[in-house]
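One structure below.
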Amino acid sequence: MSVIFLIIILAIIILAHEFGHFIVAKKSGMRVDEFGFGFPPKLFGFKMGETLYTLNAIPFGGFVKIPGEDGGEQVAGENHGRTFAEKSMKKRMAVIVAGVIFNIILAWFLISFGLMIGSPMSKSAASDAAAVKNAKVTIIGVAKDSPAEEAGLKVGDKLIAFISVEELQNFAAVSAGKEVEIRYERGKEVGALALTPRVNPPEGEGAIGIAMDEIGTLKLAPHKAVIEGAKTVYNLTIAIIGGLYYFILDV
């Protein structure tokens, strides 16, 4: 099921990207020969105006076919001047960046919609931590060979006996070297296990060996969801650009 869900998400992202190219190419006066959902072989299609719309067998996104993308094709007659290569640099750049812009718009819409209906959110990541309801201490990382890993704790487990990360950290510190019981919630399962917090843990791991966050549900009014969605997309975009920048520097 998770693989199918991933395929659907990737298809939507790629399709939105290609739709951005498509709509801006049309608005720029370029001829678009085909807009395809999925990749060939073609299952069926129909023509509307000058564009063929196709449904294809491989459901990984889509594609747009614009004459002149390779720089060499020119069209005579009434379509002269309507290829990608014959348009101005400004219009060509608009078509190229439109895919990314439409992905950003899609992300903004999905995040905003998720916040309207209620979305999982970390209190540390929310601009208003008090708006995050029913927050629980949740494991987001388990160190190798740590007491947590040996006891069987997993990423995503909610530690239901503690109301904050700080409370759990204090509990682990005062219990170092002593066996303690940890109660957890994993999906619909509730259980308990025993572990012994370390007296001298490796640097950066903590006594139990887990990374934690307080994660709950954030549900906002529509106008606030749109604003928060925009902030989230902006922060993600800056983080991605920064990551790419430092990656290129390291190459």
> Does L220 qualify as being farther than 22 Å from G152 by Cα, in contact with a helix residue (DSSP H, G or I) (Cβ under 9 Å, 6 or more places away or on another chain) and surrounded by 15 or more Cβ atoms within 10 Å (Cβ to Cβ)?
Replying inline: yes
> Among the residues of segment 90-110, is there at least one that is in contact with a strand residue (DSSP E or B) (Cβ under 8 Å, 6 or more places away or on another chain) and either on the phi < 0 side of the Ramachandran plot or surrounded by fewer than 19 Cβ atoms within 10 Å (Cβ to Cβ) (or both)?
Replying inline: no
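So which residues in segment 27-67 are within 20 Å of L106 (Cα to Cα) and surrounded by 14 or more Cβ atoms within 10 Å (Cβ to Cβ)? Break it down stepwise before answering.
Residues of segment 27-67 within 20 Å of L106 (Cα to Cα): 27, 35-38, 59-64.
Those that are within 20 Å of L106 (Cα to Cα) and surrounded by 14 or more Cβ atoms within 10 Å (Cβ to Cβ): F35, G36, F37, G38, P59, G61, G62, F63, V64.
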>> Restricting to segment 153-168, name every residue that is assigned to a loop (DSSP other than H, G, I, E, B) and out of contact with any Phe, Trp or Tyr (no Cβ under 9 Å at 6 or more places or on another chain).
In response: V155, G156, I163, S164
>> Consider segment 20-55. How many of its residues are touching a Phe, Trp or Tyr at 6+ places or on another chain (Cβ under 6 Å) and assigned to a helix (DSSP H, G or I)?
In response: 2
> Given the conditions (1) at pLDDT below 90; (2) assigned to a helix (DSSP H, G or I), which single one is not true for G71?
Replying inline: (2)
>> Being part of a loop (DSSP other than H, G, I, E, B) and either under 22 Å from K123 (Cβ atoms) or modelled with pLDDT under 95 (or both): is that true of F171 here?
In response: no
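The values are calculated or read from the model by the stated rules, or taken from the named source; none is laboratory data. Bear in mind the structure is a predicted one, so any value in this text is a computation, not a measurement. Every residue, glycine as well, gets a Cβ built from its backbone with ideal geometry; the counts of neighbours run over all protein chains shown.
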